[in-house]
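Participant: What follows is a single structure, and I will ask about it in a moment.
The values are calculated or read from the model by the stated rules, or taken from the named source; none is laboratory data. As the structure is a prediction and not an experimental result, all values here were calculated from the model. Note that we place each Cβ from the backbone using ideal geometry, even for glycine, and neighbour counts take in every protein chain shown. Only protein heavy atoms, including side chains, enter the accessible area calculation; ligands, DNA and RNA are left aside. Shrake-Rupley method; radii C 1.70, N 1.55, O 1.52, S 1.80 Å.
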Amino acid sequence: SDVCSSDLFNPGTKLSASFSDSSGRAADPIFYFLGREYQNPDFVWFQDRVTPRSVTSEGWPDEALTLVWRAVDEAWVPEARPSFLPAIPATASFPSIGWGMLASGQPDPSLFLAFKNGSTGANHSHLDLNHVTVGMGDNMVLIDLGSRPYTADYFNATARAKYYEISTAGHNSVLVGGRGQLFGKDGSLQGPFEGDHFTAFVGVANGSYEVSTPRARRHVVFVDRRYYLLLDEVVPAAAAPIELRFHSYGTIAPWPQKNGWTVTQSGSALDVVPASTSLVSGSVESPSGWIRPVNLLRLAGPQSVGSLTLATAIIPRTTSAAAYPQVSQEVRGGDLRVRVDGDEIVFRQTADGWLISSVTVAPRL
């Protein structure tokens, strides 16, 4: 059957991994209507797991539309098929809107990353090219802020760009010269690229920044379905400071050796580890521009640079993990080699920049 895209970007039973002003979890009895019209059990399975709205809330009550649209006693419905699960791909790409998903499995992935590129030209656009969010089970650890209650000037382009959650600074993306992206720009999502032990996307945001930046690319590599590696390639027209940003409603704690950080949210934890602390140093802040307390990890270069090529590993931390993962990078013989503990991720230099070439993983005990 056709995949219900709501399943893809609403992983588990609580989360939304979407990128929009209204980024709440999809929930509407119309999924029952779609399931019935197309005899697609995926829609029905998804809506069955939704907690109904209160009967005192605005709009038609869910119960009434469920009675009208929810199919029963038919061979295709989920309950007629023992142990039914929807056929949702772990990797999904929607190039026309620039959305991608890399999950450990579906449905109910234990680990997933959602990737945003596309356009900043629509009325409700955020300045969020190459923005990533990461979830573990039912915890969103690296987050998308969504939107605040709409104000009178919220869709005036000049005013809108000043709201923190709309700005590039309010996303898990990259700033150039302390500035973000512009409205009316088109990025692109390339991939997925697949090989032994990896699946990857590339987001292209060239020419999308207030500060002239001919090259702004972010690679996202899912290594062995265990962790993610970001590779940012940023080349401004003139030397400028470059900064990576990561937001969480959890705690962000530096490692004792201060070459990595652990982000913890409701018992789930991720290590965020840049491959070079000579290229960036980290600080944790509480930005004041959002409507509720949120923590921000800034990985910023110490000075203006003509270009930045930086790998950053995002690794789930288990409660039994005693050691901190070691991440490094070097250019050797036309290759960029990134090591994450015993794993090696190799990018090959091409006329269009770096391209993922191979992944070799260390034997697991």
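Participant: Give the residue, chosen from A169, A159, that is at pLDDT 95 or above, of a type outside the set (D, E) and either in a helix (DSSP H, G or I) or in contact with an Asp or Glu (Cβ under 9 Å, 6 or more places away or on another chain) (or both).
Facilitator: A169
Participant: Here is a further query. Please go through the stretch 311-365 and give me each residue that is under 25 Å from the mean Cα position of the chain (by Cα), in a loop (DSSP other than H, G, I, E, B) and hydrophobic (A, V, I, L, M, F, W, C), ordered by number.
Facilitator: A321, V361 - these are the residues of the stretch 311-365 that are under 25 Å from the mean Cα position of the chain (by Cα), in a loop (DSSP other than H, G, I, E, B) and hydrophobic (A, V, I, L, M, F, W, C).
Participant: For N123, work out the one condition from (1) within 23 Å of T318 (Cα to Cα); (2) in contact with a Phe, Trp or Tyr (Cβ under 7 Å, 6 or more places away or on another chain); (3) modelled with pLDDT under 95 it doesn't fulfil.
Facilitator: (1) is the only condition that N123 fails.
Participant: Is it fair to say S278 is under 27 Å from I166 (Cα atoms), assigned to a loop (DSSP other than H, G, I, E, B) and open to solvent by 70 Å² or more (accessible area, probe 1.4 Å)?
Facilitator: No.
Participant: Moving to a separate point now. Answer yes or no as to whether G12 is touching a strand residue (DSSP E or B) at 6+ places or on another chain (Cβ under 9 Å) and either within 23 Å of K116 (Cα to Cα) or not in a helix (DSSP H, G or I) (or both).
Facilitator: The answer is yes for G12.
Participant: Sort out which residues of the stretch 94-103 are touching a residue at least 24 places away in the same chain (Cβ under 8 Å) and surrounded by fewer than 17 Cβ atoms within 10 Å (Cβ to Cβ), and write them in order of number.
Facilitator: F94, P95
Participant: While we're on this one: So in the stretch 19-34, with the set limited to residues that are under 16 Å from the mean Cα position of the chain (by Cα) and open to solvent by 20 Å² or more (accessible area, probe 1.4 Å), which one is modelled with the highest pLDDT?
Facilitator: R25
Participant: Just a yes or no: is a residue in the stretch 70-82 at pLDDT below 85, of a type in the set (V, I, T) and either open to solvent by less than 40 Å² (accessible area, probe 1.4 Å) or closer than 25 Å to D108 by Cβ (or both)?
Facilitator: no
Participant: Does the stretch 338-356 hold any residues that are open to solvent by less than 50 Å² (accessible area, probe 1.4 Å), over 17 Å from R226 (Cβ atoms) and in contact with a Leu (Cβ under 9 Å, 6 or more places away or on another chain), and which are they?
Facilitator: Answer for the stretch 338-356, where residues must be open to solvent by less than 50 Å² (accessible area, probe 1.4 Å), over 17 Å from R226 (Cβ atoms) and in contact with a Leu (Cβ under 9 Å, 6 or more places away or on another chain): V346, F347, W354.
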